[in-house]
Amino acid sequence: MNLYLLALGLLVTAALAAVAVVFARRRSAEWAAAGITAPNRRRTQLGTGFTIGGLAVLAVAIAGPTASVPVPRASGTVILAMDVSASMGADDIAPSRLAAAQQAARSFIRAQPDSVDIGVVAFERGALTTARPDADHSAALAAIDRLRVTGGTSLGTAILASLSAITGEKVALGRDGAAPDVGYWPSATIVMFSDGQDLGENTESAVAVAGQAGVRVHTVGIGTTAGTAVKVDGYSLQTALDEDALASIAEATRGTYYPGSDADRLDGIASTIDLRLTVSDEPLPLAGAFIAVALALLTAGSALTVFRTGRVV
């Protein structure tokens, strides 16, 4: 609210009220000096009061009053951890697991408001941040498009790399597997797209780090439990979705496991993944309500004055 406009408006209104009082007293004195009993001016005075009150409320409206209203909205940081291991080249989901995951990730990114910073981590046995968290989601979309299959899978490495992207500092386990203290990040979320086939040995410790940091890990299962064969370095290997591994990660971090056994189901997941809601105070303009009240008072004041005297003032 503009306090200078408010003070000026109320000062002008107070001056008008003072003039009205002086004018009314002078007129009463003139009636008395003429030996004439002054008529009952209660209705006229009431009309003047409504008019001055309307001007006072209008002065408040001009100052631009606002109220702080708590508004929930999705915000914070989301890291999309994308499995690019060789098994993601399997075609038990057409056209391939990786292509289906990419499409689901794109749908997820496009569904998010700019209040959510989105980053991308591509992982196999190692992991690489391919797009840092940013409110501009075009970098995340471009990073998703560049993904290609290669290597094995380490879910624990994916979680640690995602935590590194969230905190802005490298997060690694101690030599004895001890979990580092990375602070508390309750507004951050990891969404992992993977077939769950884990060849790493640090998953349990990495999950513990995420849990201590308050970071939820939502897991999206890519593939079918029946599985299929995939060619790796000239060899044919059987690969299938490991739902238990992905579900246990989600449960340990208070996240949710989403099975995606076909492309259509994966597209629907984008709108069902539950992100954190934060409550922030946002200003609600009240000028319109004050103007409405002011107009009602001014109209009532003018009507009463005209009805009593036949004049607007």
Over the stretch 186-230, consider all pairs of different Cα atoms and compute the Kirkwood hydrodynamic radius from their mean reciprocal separation; express it in Å, one decimal. 12.2
Once you put a point 7 Å from the Cα of GLU204 and another 7 Å from the Cα of ALA292, both along the Cβ direction, what distance in nm separates them? 6.3
Residues whose modelled amide H sits under 5 Å from the amide H of THR189, counting only those 5 or more places away in sequence or on another chain, are THR77, VAL78, ILE79
Ranking SER154, SER96, SER194, SER115 by Cβ neighbours within 10 Å, fewest first, what do you get? SER115, SER96, SER154, SER194
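What FRET efficiency do you get for ALA67 and SER115 if R0 is 25 Å and r is their Cβ-Cβ distance, rounded to the nearest 0.05?
On the way: r = 21 Å, r/R0 = 0.85.
Computed FRET efficiency for ALA67 and SER115 comes out at 0.70.
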Under the Karplus curve 6.51 cos²θ - 1.76 cosθ + 1.60, θ = phi - 60°, whole-Hz ³J(HN,Hα) for the stretch 55-62, x wherever Gly or Pro sits: 5, 5, 5, 5, 4, 5, 4, 4
Apply the Karplus curve 6.51 cos²θ - 1.76 cosθ + 1.60, θ = phi - 60°, to the phi angles in the stretch 86-103 and return the couplings in whole Hz, x for Gly and Pro. 4, 5, 6, x, 4, 10, 5, 10, 6, x, 6, 4, 5, 4, 5, 5, 4, 5
Using a Förster radius of 25 Å, what is the FRET efficiency between ALA139 and ALA172 based on their Cβ-Cβ separation? Nearest 0.05, please. 0.50
How big is the equivalent ellipsoid of the stretch 72-279 along its three axes, where each semi-axis is √(5λ) from the Cα gyration tensor, reported in whole Å from largest to smallest? 24, 20, 15
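Where a number appears in this text, it was derived from the coordinates with a stated rule and is not lab data. Fair warning: this is a prediction, and the values are worked out from it, not measured in the lab. Note: ideal-geometry Cβ built from the backbone for every residue, glycine included; neighbour counts use all protein chains shown.
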